[in-house]
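The structure appears below as structure tokens.
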Amino acid sequence: MPTAASQATAPVLAVDQGTSGTKALVICPERGVIGSGFAPVRPRYGPGGRVEADPAELLSSVVDAGRAALADAGEPAGAVGLANQGETVLAWDPDTGKPLTDAIVWQDRRAESVCAELAESAEALRDLTGLPLDPYFAAPKMAWIRRTLTREGVVTTSDAWLTHRLTGAYVTDAATAGRTQLLDLDRVEWSRQALEIFGLDDERLPRVVDAAGPVGTTNAFGPELPLTGLLVDQQAALLAQRVTEPGTAKCTYGTGAFLLAQTGEVPRRGGSGLVSCVAWRLAGRTNYCLDGQVYTAASAVRWLTDLGVISGAADLDPVGSSVPDSGGVTFVPALAGLAAPWWRGDLRGSLTGLGLDTTAGHLVRALCDGIAAQVVALADAVADDLGEPLTALRVDGGLTRSALLMQTQADLLQRPVEVSALPDATALGVGAVARLGLDARLSLPDTIPAWRPAAVYEPRIPADRAADRLGEFRAAVAALTASASRTAS
């Protein structure tokens, strides 16, 4: 049995299971990150908004990345924490752990038919759960699985299955449960009314637990380790960015871009189109946040890459810097629909203003404008709901390596953009709660890395020029909306 002293100094293994891969870190409280590992995941895209992943690949990526991080560190860990994708779901056999379906990824849109049928319950669901009725969230996907794929086993978010395969426990943390649209936002427990609306009232759902605390033990990574931390990915990044006070915010630029603002111990149900959800629950006390989403960020970069316009994200800066601006091109990268504050999953992307003189550089510039303009819309919505503007935005994620995108973001936001000096914020956040779950003597601030920016981007254009560029983007969105309405009628 480890002593209190050994717990305080033991490294923890932090595993971030994401859409396109799993990153694992071994984090020492005194030496920082001492080991890392990565294993790719390959989502499959198909017609009708289909986005799926092989559950076996999700599990093997967790194990492979965790083992690689421990091997890189060259020393054992005292506990493990697991972050997850949030809204990705699957059906599985609770006796054997065998998947009964593929994992339906958070970007999947096939549950639109479920949402259309339940439109009359949209306001009731928002009041209950803080979430708008949209296929992005887990419950519509869960209902779709039950209607079209299988009635067998249990249907849950991916974290419950992964945790069960690692430890045998059947649990989910409060923040992940809050991404389902089945959790009562105020009571932080499963809502019988929401379950009935979705036709899921007979489901056996996992027990809702705190983000920090012992869940079970696993030998998947070698010698037996306690699993002491569970947290959904964006909330883990919120924690690692030290966005712990009301009014502060962060944005993570990954497959999508996700802006979260802390609201404290009271949920804020604003009218701006943002999601109100659980940030984390620790020692039975719940913190809340406002959440806004951009469905396609790095996935839009990958789309340009697949078309041969660029060879990858590393090309954003050199290719985009070959031209001074977008050359009149406007790109609405709604390749999986528009999320907050529009909630128009039926929309698809648009490229306008193309000419014979349009180059790859113009397309890259237009993409950066399109991503940044959506984040500005989220920041404006946060300001409306909180009653005051953000003073700055803390950012993390792979696309923050693009100076062009970050400068574009600062220009359009007209606020400083502070890039985290610590990569892999999600893993660092779940590592913090794993340490808290391992050593109950610690307080939350004791476990979070010190905040420091690697770079700060200040606006370089005047406010009127930023307003003009944002106006062009909003006009393009309005044109898309009008076109979709004409088509529907």
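Worth a mention:
- DSSP-defined beta bridges in the chain - what % are antiparallel, rounded to 5: 75 percent
- Using the Cβ-Cβ distance between Ala455 and Asp325 with R0 set to 30 Å, the FRET efficiency from 1/(1 + (r/R0)^6) comes to roughly 0.85.
- Of all stretches in the chain that contain no trypsin sites (Lys or Arg not before Pro) in a DSSP loop with at most 11 other Cβ atoms within 10 Å, the longest one is 205-440.
- Helix 158-167 axis versus longest C-alpha principal axis of the chain: approximately 20°, rounded to the nearest ten.
- Calculated FRET efficiency for the pair Thr352/Lys98, C-beta based, R₀ 41 Å, to 0.05: 0.30
- In a DSSP loop and with at most 16 other Cβ atoms within 10 Å, there are no chymotrypsin sites (Phe, Trp or Tyr not before Pro) in the range 132-182.
- Rounded to 10°, Cα long-axis angle of helix 360-386 versus longest principal axis of the chain: 70 degrees
- Length available on full extension from Arg486 to Ala283: 0.36 nm per residue minus the Cα-Cα distance, which gives 67.9 nm.
- Which of Leu131, Leu182, Ile27, positive extreme of dipole for the range 4-241 (C-beta unit charges): Ile27
- The label-point distance for Arg147 and Ala124, in a model that sets each label 7 Å from Cα toward Cβ, rounds to 1.6 nm.
- Of all lysines in the structure, the ones whose alpha carbon falls short of 21 Å from that of Lys23, not counting any fewer than 8 places away in one chain, are Lys250.
- Remark: spin-label model distance Ala440-Glu30 equals 2.6 nm, labels positioned 7 Å along the Cα→Cβ axis.
- Amide H to amide H, with H built 1.01 Å from N, Gly270 comes under 5 Å of no residue 5 or more places away or on another chain.
- Computed [θ] at 222 nm, deg cm²/dmol, the chain (DSSP H ≥ 4; -39,500 (n - 2.57); rounded to nearest 500): -10500 deg cm²/dmol
- Listed candidates (1) 55; (2) 50; (3) 59 - label of the one calculated as percent of Cα pairs over 28 Å apart: (2)
- Using a cutoff of 8 angstrom between alpha carbon atoms and counting only pairs six or more residues apart, the relative contact order for the chain works out to 14 percent.
- Only the Cβ atoms of Lys and Arg (+1) and of Asp and Glu (-1) were treated as charged; on that basis the dipole of the range 296-421 about its Cα centre amounts to roughly 260 debye.
- You can think of it this way: the chain between Ser60 and Arg204 has 49.3 nm of extra reach, that is 0.36 nm per residue less the Cα-Cα gap.
- For the range 329-381 and the range 399-460, distance of Cα centres in Å: 25 Å
- Percent of beta bridges antiparallel (DSSP, the range 4-241, rounded to nearest 5): 70 percent
- Counting only DSSP beta bridges with both residues in the range 1-119, the antiparallel share comes to about 80 percent.
- Potential lengthening between Thr359 and Arg401 on full extension [0.36 nm per residue; Cα-Cα distance subtracted]: 12.9 nm
- If R0 is taken as 25 Å, the Cβ-Cβ distance between Tyr45 and Ala392 corresponds to a FRET efficiency of 0.10.
Here, each number is a calculation from the coordinates, and none is a lab measurement. Quick caveat, the model's predicted, so the values are computed rather than measured. Cβ: placed from backbone, ideal geometry, glycine included. Neighbour counts: every protein chain shown.
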